[in-house]
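Derivation of every value follows stated rules applied to the coordinates shown; laboratory data play no part. Just so we're clear, the structure is a prediction, and the values are computed from it rather than from any experiment. Positions of Cβ are generated from backbone atoms using ideal geometry, with glycine treated the same way; all protein chains shown enter the neighbour counts.
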Amino acid sequence: MFPEQGETWRDAETRTGSDWQETTCSLVPGLTILAHSEVRRIGERAALLDLASGREEPISRLEPSFGAPGEPWRRPLADPHLSRRPLWLLPEGGGSVRLACRSSSIFVIAQGEPVRGERLFTDREIERGVVLLLGNRVTLLLHRFRPVSEPSLPRYGFVGESEPILEIRRQIRQVADLEVPVLLLGETGTGKELLAQAIHQASARRAHPYLAVNMGAIPPSLAAAELFGAAKGAYTGADQKRRGFFSRADGGTLFLDEIGEVPPEVQPLLLRALENGEIQPVGTEQIQRVDVRTIAATDSDLEAAIASGRFRAPLLHRLSGYEIRIPPLRQRRDDIGRLLLHFLRQELEAVGEAHRLEPAPADRPWLHASLVARLALYDWPGNVRQLRNVARTIAVESRGSAEVRIGAQIERLLVPFSGETRAEMETVAAPALETVPSPSRAPARPSQRRRSPQEVSDEELVAALRANRWEPGATAEQIGISRAAVYLLIDACPLTRKASDLERSEIEQALLQSGGRLAEAAEQLEVSEEGLKRQTKKLGLRPSSPQILR
């Protein structure tokens, strides 16, 4: 959407209701605030419309003006430590943009490196998002977005205003009230279950059950019974009739996570349930009809699974009545500041320090712009889940501190600034980023150098965990990283999981097969014994009780 006759771009951006048209507005270059001494300003943005029209754009304390998406009120960065003399963004051919310092005294770090004089950003760099740290005080992202908001678009519980997340919200609106099955595709940690819940809540089934089942967490021998139910005595340990997920979700929505893990022998039964609404509990001849809408999700390549014979093509076609691809966090970089602030609020409240994000003296912001700049440059293989874990770690390690403190496990995630960059940052009037040693850091073996977690492949991690009976401390010592880094790698690795991810039925089955011996059950489930002990306690299970060994 472009301004109509007699209307400014600012007027167009704040149109509401029926005035918003469905036509796609062109992407324009703009800036999003990732960090600011006033944390409530994180997420504000400024569309650089002069730059889009082939003219120069200034960046300084006084311009451009930023505002929350869809809101008319705007104001400049207004940080007193930034110069009034602007930096300049100049349009170049092929979508590139040149940053020129000229007479400005603002110290700029772009993509982790100081800018002296000028720096050219290619079209590809801007598409990915260019991270600009200004005066060690404000972090901005130079990228492209649509300058006109769609005010009628529901949020559906999502945090973010990036183009990919707006498209997800549009797709929810299109499909939620229909009865078609939905297939969610995306990397681990992108929020597939949150999306499934949003679709259910926006559908006509919202007052009926919503059930979620992780197919990767169910032993193949129990998959049919878990999905469709079982008669008493149908299998070892089935001492009573069991209702399956399809029966329990009747009238509502069933979320089938990790759908690629459905055993081949169960796939025909699942296809029948999806096509005819008919299920047959294990050990019975009775056919039951159910009314269930399915939402399936996977982070694996189902087409490749079909080619190898591990997954049935008709089942995929039935599951994918409508496909939604969830973007990884690295493709929605302008949401990193918004998400980090959202998670920090939750985690700081949990440790009793929510006041850390309240307005503070401009000279002493709790959340440093330099930390956010380095986080924004990271590629986040564990996506939003990993970012939340980092926010939790920051909140815990910074307890009682007037400034953010980070340990070794987070330091290793951060894109390093060179010694030269750090030296120049120290001359800027802003607090330095404080790093504290991690209390859980295990010393590396004398003969082995300390490694970056990014050097450890998924296969090496799994091999080391197996060799050390899934104990993080021993694994960390073997591969030369910290114990905390092992936890982060486990979160990000699609081949591993934690005991807290296990469901009750899977733990019960493992304890049955191990005779109630926790260590054997942990090895069978491929999690740490200590973690399994905590999870059984949380679920109210006792390994040696008759409840398990029946």
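Skipping prolines and chain starts, which residues have an amide H placed within reach, meaning under 5 Å, of the one on Phe145, given they are 5 or more residues away or on another chain?
Hits under the 5 Å cutoff: Val28, Gly30.
Rounding to the nearest 20 debye, state how big the charge dipole of the stretch 9-145 is about its Cα centre with +1 on each Lys and Arg Cβ and -1 on each Asp and Glu Cβ.
In total the dipole reaches around 500 debye.
Please work out the C-alpha center-to-center distance from the stretch 190-269 to the stretch 127-148 and express it in whole Å.
When both Cα centres are located, 43 Å separates them.
Using the Kirkwood radius over C-alpha pairs as Rh, can you work out the diffusion coefficient of the stretch 9-145 via Stokes-Einstein at 25 °C, viscosity 0.890 mPa s, in µm² per second?
160
How large is the convex hull of the Cα atoms of the stretch 453-492 per residue, expressed in Å³ as a whole number?
53
For the pair Glu285 and Glu520, how long in nm is the line joining their label points, each one 7 Å along Cα→Cβ?
Calculated label separation equals 3.9 nm.
State, to one decimal in nm, how far the label point of Arg128 lies from the label point of Arg173, with both points 7 Å from Cα in the Cβ direction.
3.2
Order these by the 10 Å Cβ neighbour count, fewest first: Val130, Val159, Val180, Val138.
Val180, Val159, Val130, Val138
Local charge sum around Pro91 (other residues, Cβ-Cβ under 12 Å, Lys/Arg +1, Asp/Glu -1)?
Here the charged neighbours net out to -3.
In whole percent, what relative contact order does the stretch 499-538 give with Cα contacts below 8 Å and a gap of six or more residues?
44 percent.
Across the stretch 163-326, what fraction of all alpha-carbon pairs, as a whole percent, falls in each successive 5 Å bin from zero upward?
2, 9, 18, 22, 20, 15, 9, 4, 1, 1, 0
With θ taken as phi - 60° and the coefficients 6.51, -1.76 and 1.60, list the Karplus ³J(HN,Hα) couplings across the stretch 156-162 in order, rounded to whole Hz; mark glycine and proline as x.
Those phi angles translate into 6, x, 8, 9, x, 10, 5 Hz.
Cα atoms only: what Rg and Dmax, in Å, come out for the stretch 499-538?
8.4, 22
For a quick check: with amide H placed at 1.01 Å from N, whose amide H comes under 5 Å from His368's, ignoring anything fewer than 5 positions away on the same chain?
Val404
Could you please rank His355, His143, His208, placing first whichever residue has the fewest other Cβ atoms within 10 Å of its Cβ?
So the residues, fewest neighbours to most, are His355, His208, His143.
Suppose every K and R has +1 on its Cβ and every D and E has -1 on its Cβ; what is the size of the dipole of the stretch 499-538 about the Cα centre, in Debye to the nearest 20?
280
Please arrange Arg205, Arg137 by how many other C-beta atoms lie within 10 Å of their C-beta, fewest to most.
So the ranking, lowest neighbour count to highest, is Arg205, Arg137.
Where the only charges are on Cβ atoms (+1 Lys, Arg; -1 Asp, Glu), what is the dipole of the stretch 58-133 about its Cα centre, to the nearest 20 debye?
Dipole of the stretch 58-133, to the nearest 20 debye: 300 debye.
With each label point set 7 Å from Cα along the Cα-Cβ vector, what nm distance links Ala402 and Glu275?
Taking the simple label geometry, Ala402 and Glu275 are separated by 7.0 nm.
May I ask you to list the lysines whose Cα is less than 17 Å away from that of Lys241, ignoring any residue fewer than eight positions away on the same chain?
Within reach: Lys232.
Scaled to the compact-protein estimate 2.2 N^0.38 Å, what is the alpha-carbon radius of gyration of the stretch 278-355, rounded to two decimal places?
After normalising by residue count via 2.2 N^0.38 Å, the value is 1.84.
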